[in-house]
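> My structure is below; once you've seen it, I'll send some questions.
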Amino acid sequence: AGGNNTIFKPSPQAVYCGWIICQALWRAGVPRKALQFIPCRNEPEASYLAAHRKTAFLIFTGSTKTALKMLKARPRLALYAETGGKNAMVVSAMADRDKAIVDIVQSAFGNSGQKCSATSLVLLHRSLYEDKSFRAALVDAAKSLQIGYAWNLKSKFGPLANPVGGALKEALENLGAGEEWALKPELSVTNPHMLSPGILWKVSQKSYCYRNELFGPVIGVMPFDTIDEAIRLVNETNYGLTSGLQSLDDREIAQWREGIRAGNLYINRGTTGAIVMRQPFGGMAKSAIGPGIKVGGRNYALEFVDVDEVGLPRNLSASDPLLNRFEFMVESFPGGIDEGTTEQLQASFESSLYEYEHVFSKVEDYFKIRGETNQSRYLRIHDMVVRIEVGDSPFSILSRLFNAYLSKAELTISVSRSIGEDLRIWLRLHAAELHAKFVQEDQSDICGRLRSIERVRFASPEVVSDELYAAAAKDGLYIASYPPLVDGRLELVLYFREQCVTHCYHRYGNLGQHQLDPHAEDALAPGALPDEVYRSGEDDEE
């Protein structure tokens, strides 16, 4: 769709499925030269393709470890990867217990637990965790799954794609201190691909299965006492693909929804089965590498095009108090700014204001299904670094600062030590006004604190050092470095992360109070406070 020649290299376990897909696309009119099918091994052939200089970018689905390995081989590779997950289901004391068990079992053991979105960690409120009848019901539900091959229509649970190995084997063979099997998984003596469901009890943050993706039909169960504690436990896995909550309490739902760091949130339903546009898919933290634009959403194709701006944007908002503040900054810029750049900056500011108002501050439910809301929203980048280098144009400096401030990112202005004194003083002066930190440092200094940064915005890829790219590659940190654009719709994407929140609010067909206004969810995006509150300097949390 972006006009690119594309090589499709399927997983070795799914070559024939890939072949069928390519045939369908070719029959539909996609040229064979534009879409090429290459079945091959991961090593060495696929790695060779990924590292080759003619590969402009790579779309990858697989483990975080594999993605980081590819970046290590080629740190400047444009990698867009949906990687691992440690997806958690939080079950409150206010949950519908029977429904919670149904959703846990389907999410954890459907597809033999080998969906990237599968539930693999279950957090039970202590009242449920210590309830022997709840534990027995959960175990009984998992044991009732019919295990067998797909051509046996009674089968609900099939073989694994690969023989048991890696992290899954480690978790099966080595229990941590105090852990016990509520339901011990059994490996078939005749088929190394056939493993029955497993439920591991008394899991803690020290447990192997707490931080490691097992990619198989095994869940770890751990207790919590408050929703705040549950949110912390989920976020500290360092993954953020999908997450689920079972609760009928609107207060708990609102608290959990605004606290969980994951790309797809599911309330009172399973964590698997995302549908294109309804639940655009993609994660955060170690579950995503790249700009974090969701697959199956409106922005996805933007990742795979180079933009050439041939005119100024048409959609503009020219009446906002924020313009006055930045117009003063333009007028006071060291050395002055020519008329053409001033016109560009004005268009950039007004375009971003329009797009923020009409797109990036909105919570949208495109399908409006009765009984379920599916809200797509944009979350601000929490730790954003705008890097100023010698040679950066006035437009690139001011437009990046404007968009970072507009997005309400927690901003650090990082300035090269080689920057002239006048510009350095000007940036330091305005940093406080923009609620930003000011740091004068080398790129090697940034390398040492990358783990505390969510995104870095440069004005040009040529000025990013090999050392910084190599350091960022170790943790999969995305460095946005293409020249800033005037059009706010295209530029502001870099200053946000996308999230989808699905709330199944009907109870066995009864729509309840949501029937009156099913889409009036209390779903204000974190950081998207009313402008008069944020711009008056009030604390974000207030």
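> State whether one or more residues within the stretch 104-115 are over 21 Å from V203 (Cα atoms), part of a loop (DSSP other than H, G, I, E, B) and either touching a residue at least 40 places away in the same chain (Cβ under 8 Å) or among the small types (G, A, S) (or both).
Yes; the residues of the stretch 104-115 include at least one that is over 21 Å from V203 (Cα atoms), part of a loop (DSSP other than H, G, I, E, B) and either touching a residue at least 40 places away in the same chain (Cβ under 8 Å) or among the small types (G, A, S) (or both).
> Here is a further query. Of I453, I419, I446, which residue is β-branched (V, I, T) and free of Cβ contacts under 8 Å to residues at least 40 places away in the same chain?
One residue alone meets the criteria, I419.
> Does D96 qualify as being among the acidic types (D, E), open to solvent by less than 40 Å² (accessible area, probe 1.4 Å) and modelled with pLDDT of 95 or more?
yes
> Continuing with this model, one more query. Does any residue of the stretch 273-283 turn out to be closer than 30 Å to A78 by Cβ, open to solvent by 50 Å² or more (accessible area, probe 1.4 Å), of a type in the set (D, E, K, R) and under 14 Å from the mean Cα position of the chain (by Cα)?
no
> Is it the case that the stretch 151-166 has a residue that's in contact with a strand residue (DSSP E or B) (Cβ under 8 Å, 6 or more places away or on another chain), touching a residue at least 60 places away in the same chain (Cβ under 8 Å) and open to solvent by less than 80 Å² (accessible area, probe 1.4 Å)?
yes
> Further question: Of all residues in the stretch 182-192, how many are surrounded by 15 or more Cβ atoms within 10 Å (Cβ to Cβ) and either out of contact with any Ser or Thr (no Cβ under 9 Å at 6 or more places or on another chain) or aromatic (F, W, Y) (or both)?
Qualifying residue count, the stretch 182-192: 1.
> Still on this structure, please answer the following. Only one of these conditions is not met by K169: (1) under 29 Å from T61 (Cα atoms); (2) touching a residue at least 12 places away in the same chain (Cβ under 8 Å); (3) of a type outside the set (G, A, S). Which number is it?
(2)
> Look through L245, L200 and report the one residue that is within 30 Å of G290 (Cβ to Cβ), at pLDDT 95 or above and either open to solvent by less than 10 Å² (accessible area, probe 1.4 Å) or among the hydrophobic types (A, V, I, L, M, F, W, C) (or both).
L245
> Would it be correct to say that R269 is open to solvent by 20 Å² or more (accessible area, probe 1.4 Å) and under 16 Å from M89 (Cα atoms)?
Considered against the rule, which asks whether it is open to solvent by 20 Å² or more (accessible area, probe 1.4 Å) and under 16 Å from M89 (Cα atoms), R269 comes out as yes.
> Can you tell me which of R53, R74 is among the charged types (D, E, K, R) and in contact with a helix residue (DSSP H, G or I) (Cβ under 6 Å, 6 or more places away or on another chain)?
After ruling out the rest, the residue left standing is R74.
> Right, something else. Enumerate the strands (runs of 3 or more DSSP E) found wholly within the stretch 1-81, keeping only those where 1 or more residues are touching a residue at least 40 places away in the same chain (Cβ under 8 Å) and open to solvent by 80 Å² or more (accessible area, probe 1.4 Å).
In the stretch 1-81, 6-8, 57-61 are the strands (runs of 3 or more DSSP E) which contain 1 or more residues that are touching a residue at least 40 places away in the same chain (Cβ under 8 Å) and open to solvent by 80 Å² or more (accessible area, probe 1.4 Å).
> Quick check on my filter: what residues within the stretch 387-409 are out of contact with any Ser or Thr (no Cβ under 7 Å at 6 or more places or on another chain) and either within 21 Å of G292 (Cα to Cα) or part of a strand (DSSP E or B) (or both)?
If the condition is that a residue be out of contact with any Ser or Thr (no Cβ under 7 Å at 6 or more places or on another chain) and either within 21 Å of G292 (Cα to Cα) or part of a strand (DSSP E or B) (or both), then R400, L401, A404, Y405, S407, K408, A409 are the ones that fit.
> Condition first: outside any loop (DSSP other than H, G, I, E, B), under 23 Å from L58 (Cβ atoms) and out of contact with any Leu (no Cβ under 7 Å at 6 or more places or on another chain). Now tell me which residues in the stretch 436-455 satisfy that.
Answer for the stretch 436-455, where residues must be outside any loop (DSSP other than H, G, I, E, B), under 23 Å from L58 (Cβ atoms) and out of contact with any Leu (no Cβ under 7 Å at 6 or more places or on another chain): just R455.
> Separate question: Is there a residue in the stretch 311-334 that is in contact (Cβ under 8 Å) with a residue 24 or more places away in the chain, surrounded by 14 or more Cβ atoms within 10 Å (Cβ to Cβ), touching a strand residue (DSSP E or B) at 6+ places or on another chain (Cβ under 8 Å) and part of a loop (DSSP other than H, G, I, E, B)?
Within the stretch 311-334 (the criterion being in contact (Cβ under 8 Å) with a residue 24 or more places away in the chain, surrounded by 14 or more Cβ atoms within 10 Å (Cβ to Cβ), touching a strand residue (DSSP E or B) at 6+ places or on another chain (Cβ under 8 Å) and part of a loop (DSSP other than H, G, I, E, B)), the answer is no, since none of the residues qualifies.
> On the given criteria, is L434 under 27 Å from D487 (Cα atoms) and among the hydrophobic types (A, V, I, L, M, F, W, C)?
So L434 fits the description; yes.
> Oh, and also: Any chance you could count how many residues in the stretch 447-464 are surrounded by 19 or more Cβ atoms within 10 Å (Cβ to Cβ) and over 23 Å from the mean Cα position of the chain (by Cα)?
2
The values are calculated or read from the model by the stated rules, or taken from the named source; none is laboratory data. Treat the numbers as computed from the prediction; the structure is a model and nothing was measured. Note: ideal-geometry Cβ built from the backbone for every residue, glycine included; neighbour counts use all protein chains shown. Remember, those area values only see protein heavy atoms, side chains included, never the ligands or the DNA or RNA. Shrake-Rupley method; radii C 1.70, N 1.55, O 1.52, S 1.80 Å.
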